[in-house]
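The values are calculated or read from the model by the stated rules, or taken from the named source; none is laboratory data. Computed from a prediction, not measured in an experiment: that's the story for all the values here. FYI the Cβ positions are ideal-geometry reconstructions off the backbone, even for glycines, and counts take in every protein chain you see.
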């Protein structure tokens, strides 16, 4: 830890000047576009519009990572999920929690300012899966975030003062927001959560300066919209299709790629047939919200297989146009699509256990159902429970992968669990009540007791390169470095570095709570830093019945590491 | 004539308040205080945090397997008013559901 022998008075003046000069050098959209080539800062959720979560900073290597030490820790003063990614803009770190937005001096770890989010007392009943805010967007001195009660807010980077606030939806209808907004095509784009509450999903485009809503796009088809006939009458209006994770953007094609989540209720036979566009990816024009193409990963979504996992953009020559998007889907298959036109290039099973489909048909892109799934699709009221793998948690959940464009490998955290469900007919209850249309009887672990794994995947050869089996799945994002390191965290609190070559664990540090945040790498004055939030996620521990996590306390904080000197 | 009209208006108003899909009888009848009825209500409101069959392993949520069986007053207060991160369910629970959930918790814990 650096000693800091400066008088308090001089330190304060220095901080004020630092903040002033930071605001003076406002960033542009071009800066956002170049985020991956300016690795010293972190201007976007995902470390770039492609969300590769890769850094070219190479001072920390497999050879010296053993010397990585903590340089500071900052308490976030909450017991909620720290499932979030900070930004570094003009030398200042910005962090979103569910209850606050804060600015931190990233070298000293001292908080610069912190402003609260006013939330209604009953909001927690409307959150299916955790109390968190996953991150921020930033442009030209303004931070953008969402709030749990479905507001979109713009705040000044200088002091956190609100610039504008717009209500995206009425939370009492079952809506909420936990994701980071996306700035694309000169527009601020947000999605929505609420797929367990009988809501209808949508995307919004907002004016960056004023917050005026420019467009609104529903994700379920009704009336004359294409795909409306895939719904039973009246079901699309409450059919789910939430858009709860941030999309990616290709500025050359001017296409935003945004995933659409589960159908509501989970009971597919109650809803209809394919029920477009649940379980899909939409490619949209950011300025208008017009859908240019779509691809449905899980037609009808029979098992809560959201299509919302990060749609990572990459260049893979020799594959169609060479411009792809990749997704490790909830349904257990790793998809590679041509992002110019949505054509499926490949879809291979990455999850260890899959019993709902035997594969994805290469010609149609549709799953080849097993008899269990054929039956589930037409049976609204089941006579017995069925055991489904992957479970509703999926073969991979929200925690985002890293793609190393040098090694052309994807690294992500997977889950190996099944679930026992019995389908029942249920009327939409409304209010803070789940509408699933099934009885969730329990989750099933695999015979070898390894409920998860960190996987290295080759998206061209479509196979696992290595995997590290885990008793409990990791629920954290992954970061890779060009020097060949893979950083991620465990639900028991260890922040780890692995060798990208073979998955050998090279370094580990025990933090105070479970790690479920998204690591970032950044640089100041020639020193490389790695920052991660620690603060246990709750959705897995609440339901999965995994005894390993019973002694992990809550308590969020922010950790920054660097090579000791 | 006026009496009849007034009665009609009252019935119409009631229908508007209750909604077209509602059966008055089902709405009003309290849920029985049985483990099965409690399990159904628990699944609706509580399972997402407190776990299937009370088996929760996130320390963020109170482990109901450890709830003291002679402190029903505490249970009623926590559920109806909310406590820390738990929202208040008082305005959401239907008649009888709170009692049924208490009976269900007891049945799982072997009280």
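Overview of values
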{"read-out": "Matching residues in segment B:65-85 - criterion: being within 12 Å of chain A (Cβ to nearest Cβ) and touching a residue at least 24 places away in the same chain (Cβ under 8 Å)", "value": "B:65, B:85"}
{"read-out": "Filter result (over 19 Å from the mean Cα position of the chain (by Cα), farther than 18 Å from residue A:457 by Cα and assigned to a loop (DSSP other than H, G, I, E, B)) within segment A:288-317", "value": "A:288, A:289, A:290, A:299, A:300, A:301, A:302, A:303"}
{"read-out": "Strands (runs of 3 or more DSSP E) wholly inside segment A:129-201 that include at least 3 residues being more than 26 Å from residue B:61 (Cβ to Cβ) and touching a residue at least 60 places away in the same chain (Cβ under 8 Å)", "value": "A:137-139, A:182-184"}
{"read-out": "The lone exception for residue A:430 - which of (1) assigned to a loop (DSSP other than H, G, I, E, B); (2) away from chain B (no Cβ under 13 Å); (3) surrounded by fewer than 18 Cβ atoms within 10 Å (Cβ to Cβ) it fails", "value": "(2)"}
{"read-out": "Residue within segment B:90-97 that is surrounded by fewer than 19 Cβ atoms within 10 Å (Cβ to Cβ), within 14 Å of chain A (Cβ to nearest Cβ) and over 24 Å from residue A:424 (Cα atoms) present", "value": "yes"}
{"read-out": "Test: residue in segment A:532-539 that is within 14 Å of chain B (Cβ to nearest Cβ), touching a helix residue (DSSP H, G or I) at 6+ places or on another chain (Cβ under 7 Å) and within 15 Å of residue A:415 (Cβ to Cβ)", "value": "no"}
{"read-out": "Answer from A:555, A:503 - the residue that is within 14 Å of chain B (Cβ to nearest Cβ), in a loop (DSSP other than H, G, I, E, B), in contact with a strand residue (DSSP E or B) (Cβ under 9 Å, 6 or more places away or on another chain) and touching a residue at least 24 places away in the same chain (Cβ under 8 Å)", "value": "A:555"}
{"read-out": "Test: residue in segment A:493-514 that is touching a helix residue (DSSP H, G or I) at 6+ places or on another chain (Cβ under 6 Å), closer than 23 Å to residue A:59 by Cβ and surrounded by fewer than 24 Cβ atoms within 10 Å (Cβ to Cβ)", "value": "yes"}
{"read-out": "Filter result for the condition that a residue is over 26 Å from residue A:60 (Cβ atoms) and away from chain B (no Cβ under 14 Å), over A:550, A:476, A:461", "value": "A:461"}
{"read-out": "Condition met for residue A:140 (over 26 Å from residue A:556 (Cβ atoms) and surrounded by fewer than 24 Cβ atoms within 10 Å (Cβ to Cβ))", "value": "yes"}
{"read-out": "Residue A:416 vs. criteria more than 12 Å from chain B (Cβ to nearest Cβ), farther than 27 Å from residue A:125 by Cα and surrounded by fewer than 20 Cβ atoms within 10 Å (Cβ to Cβ)", "value": "no"}
{"read-out": "Sole residue being modelled with pLDDT of 95 or more and within 14 Å of another protein chain (Cβ to nearest Cβ), chosen from A:436, A:485", "value": "A:436"}
